[in-house]
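Data first, discussion second: the structure below is written as C-alpha cells.
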Amino acid sequence: QSDLRKKLLETFHEANGEFVSGQNLADIMGCTRTAVWKHIEELRKDGYDIEAVRKKGYRINKSPDKLSGNSILLGLETKEIGKNISYHESLASTQKLAHKLADSGAEEGTLVIADEQTQGKGRLLRTWHSAKTGIWMSLILRPRIPMQQAPQLTLLAAVAIVQAIEDTTSIFPTIKWPNDILINGKKVTGILTEMQAEADRIHSVIIGIGINVNQSLEDFPDDIKETATSLALEEGEPISRTSVIQSFLKHFEILYTLFLKEGFKPIKLLWESYAVSLGKEIKASTLTGVLYGKAIGITDDGVLLLKDSLGEIHSIYSADIEI
Ligand code: BT5
C-alpha cells in the first residue's frame, strides 16, 4: 500500500507540476484507474491539494507540510546521509531512540525524526521545547576520527543548517558558538552532539538538531517567548519542513565528506563567516566559572579562544555565551 503511494508521489514529482492522466498512473502503478482514484483520495486526506481535470488527469498543486519517511526521501539528493529514516509522530526524544538504534548497529546517516517530542533535551539536562510544527531530528554518524574531534561536528552541523535556512527562506541566520543558530539575536536552532565511545574509539556520534519552523509566538512557553523565534515568524509565511530537512541533509553530506577528507580547516572558514560572537566582548559561563573577555577566534580544533582584560588567552571547550 505505502509502496504504491510512494510510486504515485514519485510520478507526480517527475511530472513537475504537469498533469498525468489516470490511465498513465494506472499503467505505472500496475493497478486499475479506480484504484488510482482511491489512492488520490487518500493523499487528499493527508493534505495534498490534488487537482483533477477531465481528459487531462491529475496534478499536485501543493504538498502538505506533513512529515513522513517517504516525503523526505522523495527528492532527497544525498548518497548516504538521511537515506535510512526512522519517522515517528511522537517520541520522548529523538536522541534517545537514536542511541538505541546506534547500539543495535544502525548505519551511518540514519535519521531519527519526530513530529513532537515529549521530553526533548538540551545540553546539561535542560529542556528543549518540542511542540508540533518544528523539526526535531537526530543523525547517527560513524566517523573514524579521534574522539577529541567529535565536537567539531557540532560546528559542521551548524554550517549546514545555516546553508539550509538560506536555501529555503530569505533569512540570513548567524551562529553563536558552539551550538546556537540565531535570527535577529533570537534562537531558532539548538544542537546537541553526543557520542558513544569506548577507550579511544568512537562507536557513533549522534547529532541532535531542533529547528523552530512554523511556530507562532503563542506556541512558545513563557520562559522562551522573548529569546526564541521560528523560521515562519521571521519570514512572515509558513516554511516547508521537508524542504529544510532535505536541504540540510544535502549540505551536511557535502561538508561531512569534505571534513573526513581534509579535516576541520575548510569547515572552520565557513563557520567563521557565519559567526556572530567573534571579535566581540562576551561572557562565557562554563561548568567551572564565568569568564569575561573578547572572543578572538576558534582554533583549528573548534575550541573558542577568549582573551581577558589582562591579555591572557583562555581555551573554552564548552560554555554558554552571552554577547
Ligand atoms: C540546545 O541546548 O540548544 C540543544 C537542543 C537540541 C534539541 C534537539 S531536538 C532533536 C534532539 N532530541 C532532543 O531531545 N534534543 C535534540 P542548550 O544550548 O542547552 O539550550 C537549551 C535552552 O534553550 C533551554 O534552557 C531554553 O532556554 C532554550 N530553549 C528550549 N527550547 C527552545 C526552543 N524550542 N527554541 C529556542 N530556545 C529553546
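The values are calculated or read from the model by the stated rules, or taken from the named source; none is laboratory data. This is a predicted model, so every value here is computed, not measured. Cβ sites come from the backbone with ideal geometry, for glycine too, and all protein chains shown count toward neighbours.
Assorted remarks:
- Any hit, segment 9-22, residues being farther than 22 Å from Gly75 by Cα, surrounded by 13 or more Cβ atoms within 10 Å (Cβ to Cβ) and not hydroxyl-bearing (Ser, Thr, Tyr): yes
- Looking only at residues of segment 41-79 that are over 30 Å from the mean Cα position of the chain (by Cα) and crowded, with 17+ Cβ neighbours inside 10 Å, we find that the one that is nearest to Lys132 (Cα to Cα) is Tyr58.
- Inside segment 120-144, residues that are surrounded by fewer than 21 Cβ atoms within 10 Å (Cβ to Cβ), in a loop (DSSP other than H, G, I, E, B) and either basic (Lys, Arg) or out of contact with any helix residue (DSSP H, G or I) (no Cβ under 8 Å at 6 or more places or on another chain) (or both) make up a count of 6.
- Leu260 vs. criteria surrounded by fewer than 16 Cβ atoms within 10 Å (Cβ to Cβ), more than 28 Å from Leu124 (Cβ to Cβ) and either in contact with a Leu (Cβ under 6 Å, 6 or more places away or on another chain) or in contact (Cβ under 8 Å) with a residue 24 or more places away in the chain (or both): yes
- Residue in segment 87-103 that is part of a loop (DSSP other than H, G, I, E, B) and charged (D, E, K, R) present: no
- The requirement of being basic (Lys, Arg), free of Cβ contacts under 8 Å to residues at least 40 places away in the same chain and near the ligand (Cβ under 8 Å from one of its atoms) is fulfilled somewhere in segment 124-141, by at least one residue.
- Filtered by the rule that a residue be touching a residue at least 24 places away in the same chain (Cβ under 8 Å) and either farther than 24 Å from Lys265 by Cα or within 25 Å of the chain's Cα centre (by Cα) (or both), segment 304-323 gives Leu304, Tyr317, Ser318, Ala319, Asp320, Ile321, Glu322, Ile323.
- Within segment 48-82, if we keep just the residues that are among the hydroxyl-bearing types (Ser, Thr, Tyr) and part of a loop (DSSP other than H, G, I, E, B), the residue that is modelled with the highest pLDDT turns out to be Thr78.
- In segment 214-240, the residues that are in a loop (DSSP other than H, G, I, E, B) and closer than 15 Å to Ile135 by Cα: Asn214, Gln215, Ser216, Phe220, Thr229, Ser230, Pro238, Ile239, Ser240
- Unmet requirement for Phe172, which otherwise passes all of (1) in contact with a helix residue (DSSP H, G or I) (Cβ under 7 Å, 6 or more places away or on another chain); (2) part of a helix (DSSP H, G or I); (3) within 21 Å of Asn214 (Cα to Cα): (2)
- Count of segment 161-179 residues which are at pLDDT below 95 and not aromatic (Phe, Trp, Tyr): 3
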